[in-house]
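Below: the structure, in structure tokens.
The values are calculated or read from the model by the stated rules, or taken from the named source; none is laboratory data. What you see is a predicted model; the values in this text were computed from it and never measured. Because the Cβ atoms are built from the backbone with ideal geometry, glycine has one as well, and the counts that use them run over all protein chains shown.
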Amino acid sequence: MSKMRLVLIFVVTVMLIMVAASCQEKTTEPNEETVANPTFSPPEGAYTSAQNVTISCSTHGATIYYSTDGSTPSTQYTVPVNIASTATLKAKATKSGWTDSPIASATYTINITPNTVATPTFSPPGGTYTSAQNVTISCSTPGATIYYSTDGSSPSTRYTRPVRIASTATLEAFAIKAGWTVSQSASATYTINIIPPDTVATPTFSPPSGIYTSAQNVTISCATPGATIRYTTNGREPTLSSPTYSSPINVSSTTTLKAKGFKNGWTPSSTASINYIINSFPPGQMIYVPGGKFTMGYKWGWPDEVPTHTVTLNSFYIGKYEVTQAEYSIYMQQGSSWISEYGLGDNYPAYYVSWYAALKYCNLRSMAEGLTPCYTINGSTDPADWGGVPFSSDSTWDEVICDWNAKGYRLPTEAEWEYAARGTTNDPDYIYSGSDDINAVAWYGGNSGGTTHRVGTKAPNGIGTYDMSGNVLEWCWDWFGSYGGSPQDNPTGPASGSRRVLRGGCRANPYTGGCTVYCRHNLNANARYNVIGFRVCRVFP
């Protein structure tokens, strides 16, 4: 055998050994002689009552051991484990001749609250009346005692019979029961306007005040026969020289309409006033979110979800859907890693999007639609001056300035996102965006099949937004930081930080807690994963 042939055989042999070693290093096949990981049902989380936890192992004939005090599992599992207070449950499984399973762990937070007395109710309800009212106060909790006041002080008078309200007053009440938490206070204001004889009834309008996307024909009515209605559209008080109402008034732009009834020998009516906001949009594929107040966070939540606090927001628009792959590709380079395994198609959400890339998309789209861009980097709103989207943390991009009054597209603040996800209300206080049933409104690890889905294929929430509890995680503007307990107006998050907030859960969340309206996530602004996308927001109007 020649020397050259021997050398060739030696080289081939070495290469085969290296390939085999590489394959051994990259193998992901499990050890068939290792016992499967134990699993827990229900899963770890926060609960308001004690839980009986079942521990299972898919390896036939395996024996399970557990502990609840953080030590190595040593107690043999035979019946469900009762967790009556906050504890970390650990478990491992063994089988003769097999390698023991890894130790599985789950933390159960038990917050058992006492019964709370129901909030009292009033009949008739608060409002404006033309005569004195006898108000009945009720409480649905059997055996509760009600206390009330009518002078603004803390309720201290025991309720035994209807309370007579003969002049304008605010009625307050709460209820108590031994061993129960005191009810929330109820409050109602009764405005008593005893109208003298021969006063013209106050005019009424149809349709009601509100925001409309087209001109409205407004009808004005008065319940007093023979009365003449006079009106203004400039905000001034109607007088006998104001225009007389005879046919519906066409309101084609934002207007304050006032009306007053007149009749010879009668006292003129009170002035009725109404506001109509006429907008030819919301913009395409966006939802109008009326301003308001809500409670942000979750009182039984993880440390970064508390304390709950009151937030007041102005009105704004938010994307009906997550930004789709088709929308993203108009202004940005199409994601080369969008594949069918993770969801591919025009109406699938864009993913592998960093926080930095979302800023560039917002300004490019704003400029293309003739809107003032929101974001300024290095003194410019034109992304052409910003350079390439960073693939690592970038201090220059981190110092981006947002013009909150600009009409262009931007990321929602964390507070705006949660307010919209909750449907602008804490009543009902849904766990997920639009429902307590996650399968009705979200694609997550339990039903997604491991892939994203076309936007809008689950049910919307109360204001008409989709997928705010699943599909892909969504970037928000804010730096990630701890909550404060004080009320806030239009918060925009901490002034600085190291990671940005994401919200909403995603198609890969294996547990439902990650998809709630109050769950918070955070990553570096350069992070690009196949579960991260975004939706856009705009100032109103």
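Among the residues of the stretch 468-494, count how many are closer than 18 Å to Arg520 by Cβ and in a loop (DSSP other than H, G, I, E, B).
Residues that pass the stated criteria total 15.
Taken over the stretch 256-291, the criterion of being under 30 Å from Glu237 (Cβ atoms) and within 16 Å of the chain's Cα centre (by Cα) is satisfied by Pro290, Gly291. The residue pairs whose first member lies in the stretch 285-296 and is farther than 14 Å from Pro460 by Cβ, whose second member is outside any strand (DSSP E or B) and aromatic (Phe, Trp, Tyr), and whose beta carbons are closer than 6 Å, counting only pairs six or more residues apart or on different chains, are Phe294/Tyr419. The residue that is farthest from Phe294 (Cα to Cα), among those in the stretch 383-417 that are outside any loop (DSSP other than H, G, I, E, B) and touching a Leu at 6+ places or on another chain (Cβ under 8 Å), is Pro383. Within the stretch 366-382, identify whether any single residue is buried (at least 20 other Cβ atoms within 10 Å of the Cβ), over 27 Å from the mean Cα position of the chain (by Cα) and not in a loop (DSSP other than H, G, I, E, B), and answer yes or no. There is at least one residue in the stretch 366-382 that is buried (at least 20 other Cβ atoms within 10 Å of the Cβ), over 27 Å from the mean Cα position of the chain (by Cα) and not in a loop (DSSP other than H, G, I, E, B). Please work out if Arg236 is over 36 Å from the mean Cα position of the chain (by Cα), at pLDDT below 95 and of a type in the set (Lys, Arg). The answer is yes for Arg236. For the stretch 53-94, a tally of residues being surrounded by 13 or more Cβ atoms within 10 Å (Cβ to Cβ) and in a loop (DSSP other than H, G, I, E, B) returns 6.
Counting only residues that are surrounded by fewer than 19 Cβ atoms within 10 Å (Cβ to Cβ) and either out of contact with any Phe, Trp or Tyr (no Cβ under 7 Å at 6 or more places or on another chain) or β-branched (Val, Ile, Thr) (or both), the stretch 315-351 holds 12 of them. One residue stands out among those in the stretch 169-211 that are closer than 11 Å to Val117 by Cβ and among the aliphatic types (A, V, I, L, M): the one that is surrounded by the most Cβ atoms within 10 Å (Cβ to Cβ), which is Ala175.
Evaluate the following for Ser56: is it farther than 30 Å from Pro155 by Cα and at pLDDT below 90? It is false that Ser56 is farther than 30 Å from Pro155 by Cα and at pLDDT below 90.
Quick one: is Lys260 in contact with a Phe, Trp or Tyr (Cβ under 8 Å, 6 or more places away or on another chain) and among the basic types (Lys, Arg)?
Taking the combined requirement at face value, the residue satisfies it.
Annotation: Val163 fulfils all but one of (1) of a type in the set (A, V, I, L, M, F, W, C); (2) in contact with a strand residue (DSSP E or B) (Cβ under 6 Å, 6 or more places away or on another chain); (3) loosely packed, with under 11 Cβ neighbours inside 10 Å; the unmet one is (3). In the set (1) of a type in the set (Val, Ile, Thr); (2) in a strand (DSSP E or B); (3) at pLDDT below 95, Ile330 fails one condition alone, (2). If only residues of the stretch 225-284 that are of a type in the set (Phe, Trp, Tyr) and in a loop (DSSP other than H, G, I, E, B) are counted, the one that is farthest from Thr199 (Cα to Cα) is Phe281.
Screening the stretch 100-187 for strands (runs of 3 or more DSSP E) wholly inside it with 1 or more residues that are within 33 Å of the chain's Cα centre (by Cα), in contact (Cβ under 8 Å) with a residue 60 or more places away in the chain and more than 30 Å from Ile64 (Cα to Cα) returns the ranges 121-123, 127-129.
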